[in-house]
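Structure record follows, encoded as structure tokens.
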Amino acid sequence: MSEAAAGRDLVALPRAAVLALWASTYLHGDLGPDDAADMSYGVGRSGPGDEGVDLFDWMTGLRRLPLAQLRLALPAPGRIAGLVGPPAAIPAAIEAESAIVVTAAGIADHTLIPVVTPVGHPSGSMNAVSWVRHAAPVGTQVPPAASSGHAREELLRALRRAADGSIELDLVPDEPVEPARIPATWISTALPRHVDAGDAHLLVLAARTLLLTRSEIDDGHGHTVHLAEALARRGLLDELHDVARGALIEAVERIAS
């Protein structure tokens with residue numbers, strides 16, 4: 001781990017969120033582009049792939065854009081808010097489960113999407129990560145972020161409703177998520193030093209809730225017997241998942257702005 005990560009707790013985040021955090025650290029002048037690019041691969045068995053853009057060149061290129069902004073998207077089938085195209089970028093972003101939309105003076109410039117490839121290694125399995133750049137359709141305007149500014153309160157209310165309800169959920173977002181629940185599309189990272197405590201807390205809480213609800217949804221209705229209970233449980237999980245996704249996007253964009 002580099003000196004920039006020393007002394008900071010690790011948090012698992014979507015790979016595009018990790019890149020957005022460290023790229024913003026470079027843009028804020030808190031870290032050089034070489035160190036920021038290195039930190040963007042996270043802590044663990046991941047490294048740069050042989051294809052795609054070079055993150056050092058990509059980061060330094062951001063400074064040549066007028067009023068560059070990084071917009072995080074966390075798409076899923078049927079939920080592609082935040083993506084701008086081109087058409088080939090949409091399924092790629094859904095498969096990757098995250099993407100960064102780069103804007104210049106409010107106009108979409110390009111989308112950057114991670115492609116994760118498992119590779120063999122003498123010490124165990126690793127992931128090679130290539131970042132693929134998709135030029136945005138010319139003149140595509142990006143609307144302001146749809147965040148409410150109250151993501152923390154909304155997430156806490158949703159978690160409180162879940163805790164007070166009669167549906168049992170295996171959600172403990174106050175504790176780190178076990179590695180088995182972290183997919184290859186995510187990676188653990190230290191948080192940059194410029195992230196304040198409030199934003200860091202929201203980031204960690206939202207990320208853990210997103211991972212835990214995803215795991216519970218993937219497990220299906222195995223914890224329930226009756227159909228009505230199963231449907232109520234799924235509805236509660238979907239609500240928590242959506243609120244956590246919005247909170248994570250809002251936290252990253254506030255840090256990156």
### Message
Given the C-alpha atoms of the chain, compute the convex hull and give its volume per residue in Å³.
### Response
135
### Message
Please report the carbon-and-sulfur percent of the accessible area for the chain; probe 1.4 Å, protein heavy atoms only, DNA, RNA and ligands left out.
### Response
54
### Query
Just how many % of Cα pairs in the range 179-257 lie over 14 Å apart, if you round to the nearest whole percent?
67
### Query
Once every DSSP H run of n ≥ 4 in the chain is given -39500 (n - 2.57) and the sum is divided by its residues, what mean residue ellipticity at 222 nm do you get, rounded to the nearest 500 deg cm²/dmol?
-13000 deg cm²/dmol
### For Met126, distant residues with modelled amide H under 5 Å away
Val119, His121
### Summary
Counting sequence-distant residues (5 or more places) and residues on other chains, those with an amide H built under 5 Å from that of Ala12 are Thr189
### Query
How long are the three semi-axes of the equivalent ellipsoid of the range 93-135, in whole Å, if each is the root of 5 times an eigenvalue of the C-alpha gyration tensor, listed from largest down?
29, 9, 7
### Message
On a 1.4 Å probe surface of the protein chains, which of Glu178, Glu51, Glu229 comes out largest in accessible area, and what is the full order?
### Response
Glu51, Glu178, Glu229
### Task
Starting with the highest mean, order 89-99, 132-142 by the number of other Cβ atoms within 10 Å, averaged over the residues of each peptide.
89-99, 132-142
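The values are calculated or read from the model by the stated rules, or taken from the named source; none is laboratory data. All figures in this text were calculated on a predicted structure; none of them were measured in a lab. No Cβ is skipped: glycine too gets one built from the backbone with ideal geometry, and neighbour counts run over all protein chains shown. Note: accessible area is taken over every heavy atom of the protein model, side chains too, but ligands, DNA and RNA are not part of it. Shrake-Rupley method; radii C 1.70, N 1.55, O 1.52, S 1.80 Å.
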